[in-house]
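*Asks:* Could you have a look at this structure, given as structure tokens, before my questions?
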């Protein structure tokens, strides 16, 4: 596996819990890391901006305390997602705190910047950049990203449209560094499949929405449990950037999924196109892999299920 030193021998499963806008919080991140997978959150989830430092203090201190008590099973590293898009006027503030607390892994989205990568590298941090095609992957590496997150068809939120088989194959023709795959991964079997096709890590988001620690409404969590891939709509209508959303949440917001208004991608105007309904809060992002999510459970139990399935899949292949 082409893992950076920050992740080598520190993961129970080759998994990054993806940063979920609004949903990811310290409770979920800490639970994920203690369970042995990378936990992450968008810096913008901490509001007001001053709250970000409070979150970083809590996460770093609680994980350090856990590690001191459990040297036989230390926590996995955590990650912070930074939105590099020009609409994010908090980026420099949030990046300063990222450097101050030496966040082990930084996930950059919606743009790649050399100065951001250099700031993270200044203290030994690792940068993963999420991309939806091979062109953007090359730009990210050229600007100094250490690793890539291939956001393939079926992923939640701002997903791409390329098959994971095609996307991973194209990237691996020229890039041998750390590579995570995102897109409908919600089982241990899928984690192993991601590795088999050439990824080092699975990037899992939607399944973690239906966990007790996640900062999502009870209705959102239950919708994840009740829905399947048939209940997902891919549309640019809400932010100007195409993404996957739960159809029941669109209907509940009083909108017709077959007749949605447009939105300006240059403004990233979350929710403006849908009247009083706000994207992510009322219009729920979700990936196509949710058919595997059968109940709301603690994050540690979800990781245990994934670990059991992953081990069983490995045994099944070895016995074939």
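The values are calculated or read from the model by the stated rules, or taken from the named source; none is laboratory data. A quick note: this is a predicted structure, and the numbers were derived from the prediction, not measured. Note that we place each Cβ from the backbone using ideal geometry, even for glycine, and neighbour counts take in every protein chain shown.
*Asks:* May I ask you to say which residue of 116, 120, 127, 103 is in contact with a helix residue (DSSP H, G or I) (Cβ under 9 Å, 6 or more places away or on another chain), part of a strand (DSSP E or B) and under 30 Å from residue 35 (Cβ atoms)?
*Replies:* 127
*Asks:* Moving on. Can you tell me which of (1) surrounded by fewer than 23 Cβ atoms within 10 Å (Cβ to Cβ); (2) at pLDDT 95 or above; (3) under 15 Å from residue 155 (Cα atoms) is the one residue 241 doesn't meet?
*Replies:* Answer for residue 241: the failing condition is (2).
*Asks:* Among the residues of region 8-30, write down those that are surrounded by fewer than 24 Cβ atoms within 10 Å (Cβ to Cβ), in contact with a strand residue (DSSP E or B) (Cβ under 9 Å, 6 or more places away or on another chain) and farther than 15 Å from residue 105 by Cα.
*Replies:* 13, 21, 22, 25, 26
*Asks:* Residue 69: within 20 Å of the chain's Cα centre (by Cα) and either touching a residue at least 12 places away in the same chain (Cβ under 8 Å) or over 25 Å from residue 183 (Cβ atoms) (or both), yes or no?
*Replies:* For residue 69, the condition - within 20 Å of the chain's Cα centre (by Cα) and either touching a residue at least 12 places away in the same chain (Cβ under 8 Å) or over 25 Å from residue 183 (Cβ atoms) (or both) - is not met.
*Asks:* Inspect region 166-175 for any residue being surrounded by 24 or more Cβ atoms within 10 Å (Cβ to Cβ), in contact with a strand residue (DSSP E or B) (Cβ under 7 Å, 6 or more places away or on another chain) and not in a strand (DSSP E or B) and give the result as yes or no. It would help to see each step written out before you state the result.
*Replies:* Our first condition is that a residue be surrounded by 24 or more Cβ atoms within 10 Å (Cβ to Cβ); within region 166-175, this holds for 167.
In the following step, the residues that additionally are in contact with a strand residue (DSSP E or B) (Cβ under 7 Å, 6 or more places away or on another chain) were identified as 167.
Keeping just the survivors that are not in a strand (DSSP E or B) gives 167.
Yes - at least one qualifying residue is present in region 166-175.
*Asks:* Here's a follow-up. Among the residues that make up region 74-94, is at least one of them closer than 24 Å to residue 11 by Cα, in a loop (DSSP other than H, G, I, E, B), out of contact with any strand residue (DSSP E or B) (no Cβ under 9 Å at 6 or more places or on another chain) and touching a residue at least 40 places away in the same chain (Cβ under 8 Å)? Quick ask: steps written out before the conclusion?
*Replies:* Narrowing region 74-94 to residues closer than 24 Å to residue 11 by Cα: 74-82.
Checking the rest, the ones that are also in a loop (DSSP other than H, G, I, E, B) come to 74-77.
From what's left, out of contact with any strand residue (DSSP E or B) (no Cβ under 9 Å at 6 or more places or on another chain): 74.
Subsequent filtering for residues that are touching a residue at least 40 places away in the same chain (Cβ under 8 Å) retains 74.
Checked against the condition, which is being closer than 24 Å to residue 11 by Cα, in a loop (DSSP other than H, G, I, E, B), out of contact with any strand residue (DSSP E or B) (no Cβ under 9 Å at 6 or more places or on another chain) and touching a residue at least 40 places away in the same chain (Cβ under 8 Å), region 74-94 yields at least one hit.
*Asks:* Continuing with the same structure: Can we say residue 42 is surrounded by fewer than 14 Cβ atoms within 10 Å (Cβ to Cβ) and either over 21 Å from the mean Cα position of the chain (by Cα) or under 18 Å from residue 149 (Cα atoms) (or both)?
*Replies:* No; evaluated as a whole, the condition is false for this residue.
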